[in-house]
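Following: one structure in structure tokens, then a few remarks.
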Amino acid sequence: MTTVAQLRQAALALPEAAESARAGMVSFTVRGKGFASVTRDDVVQLHLATEDVDAAVADVPGAEPLTRGATLLGVRLPLAALDGQQLNHWVRRAWSVRAPRRLAAALAAADTAEPGEVGDLPAAIGRPATRALAGAGVTTLADVAARTDAELLALHGVGPRAVRILREQHL
């Protein structure tokens, strides 16, 4: 079972994602386009492509298509039926559907980023930190300097060791 806090963390870890309250629901947008929301009864609503809706309905107990009239918008998933990995997967898929193509392509490229090959980030920070930083648009030591330690540590894959190495390299 996942929580709204985990949904928030998954959504806000994506580039340019923002949180707002709309119609009594917590919702998440990318450049003004909604990709996820959670209802008062803890059901996640995600904007997804048809093939993703079909896969989610088949994989998640209690999932149902989200429609407006005859138009398929996405899927409704009960938070209680999702584990953390499923939540992260579906939130990211929804973000990818709604994000501008260039932004989505940059995040997809970050998934294959290798240590030492992204800007001037040091290889010593490792693959998870490199990919997390690249996915957040942090590709140089100057970008690192513009972030607080807390902001860096909030990125999944960036730990205290990576932050220490980055700070030492920037000096």
> Restricting the search to the stretch 9-28, which residues are out of contact with any helix residue (DSSP H, G or I) (no Cβ under 8 Å at 6 or more places or on another chain) and open to solvent by 80 Å² or more (accessible area, probe 1.4 Å)?
Replying inline: Gln9, Ala21, Arg22, Ala23
>> Testing Ala134 on (1) surrounded by 18 or more Cβ atoms within 10 Å (Cβ to Cβ); (2) under 20 Å from the mean Cα position of the chain (by Cα); (3) in a loop (DSSP other than H, G, I, E, B), one condition comes back false. Which one is that?
In response: (3)
> If a residue has to be closer than 21 Å to Thr3 by Cβ, surrounded by 17 or more Cβ atoms within 10 Å (Cβ to Cβ) and acidic (Asp, Glu) to count, how many in the stretch 29-71 make the cut?
Replying inline: 0
> Among the candidates Ala123, Ala145, Ala109, which residue alone is free of Cβ contacts under 8 Å to residues at least 12 places away in the same chain, out of contact with any strand residue (DSSP E or B) (no Cβ under 9 Å at 6 or more places or on another chain) and either among the acidic types (Asp, Glu) or open to solvent by 40 Å² or more (accessible area, probe 1.4 Å) (or both)?
Replying inline: Ala123
> For the stretch 95-131, how many residues are assigned to a helix (DSSP H, G or I) and charged (D, E, K, R)?
Replying inline: 5
> Of Ala124, Ala106, Ala113, which residue is closer than 22 Å to Ala162 by Cβ and modelled with pLDDT of 95 or more?
Replying inline: Ala124
> When you scan the stretch 126-142, how many residues do you find that are free of Cβ contacts under 8 Å to residues at least 60 places away in the same chain, small (Gly, Ala, Ser) and closer than 18 Å to Ala10 by Cα?
Replying inline: 3
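Of these, Val158, Val91, which one is under 27 Å from Gln6 (Cβ atoms), open to solvent by less than 70 Å² (accessible area, probe 1.4 Å), in contact (Cβ under 8 Å) with a residue 60 or more places away in the chain and outside any strand (DSSP E or B)?
Of the residues listed, the single one that is under 27 Å from Gln6 (Cβ atoms), open to solvent by less than 70 Å² (accessible area, probe 1.4 Å), in contact (Cβ under 8 Å) with a residue 60 or more places away in the chain and outside any strand (DSSP E or B) is Val91.
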>> Against the definition (aliphatic (A, V, I, L, M), open to solvent by less than 50 Å² (accessible area, probe 1.4 Å) and more than 19 Å from the chain's Cα centre (by Cα)), how does Leu152 come out, yes or no?
In response: no
> touching a Lys or Arg at 6+ places or on another chain (Cβ under 9 Å) and over 16 Å from Ala10 (Cβ atoms): does that describe Pro115?
Replying inline: yes
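The values are calculated or read from the model by the stated rules, or taken from the named source; none is laboratory data. The model shown is predicted, which means the values in this text are computed figures rather than measured ones. All Cβ positions, even for glycine, are placed from backbone atoms using ideal geometry, and neighbour counts span all protein chains on display. Surface areas here come from the heavy atoms of the whole protein model, side chains and all, with no ligands, DNA or RNA. Shrake-Rupley method; radii C 1.70, N 1.55, O 1.52, S 1.80 Å.
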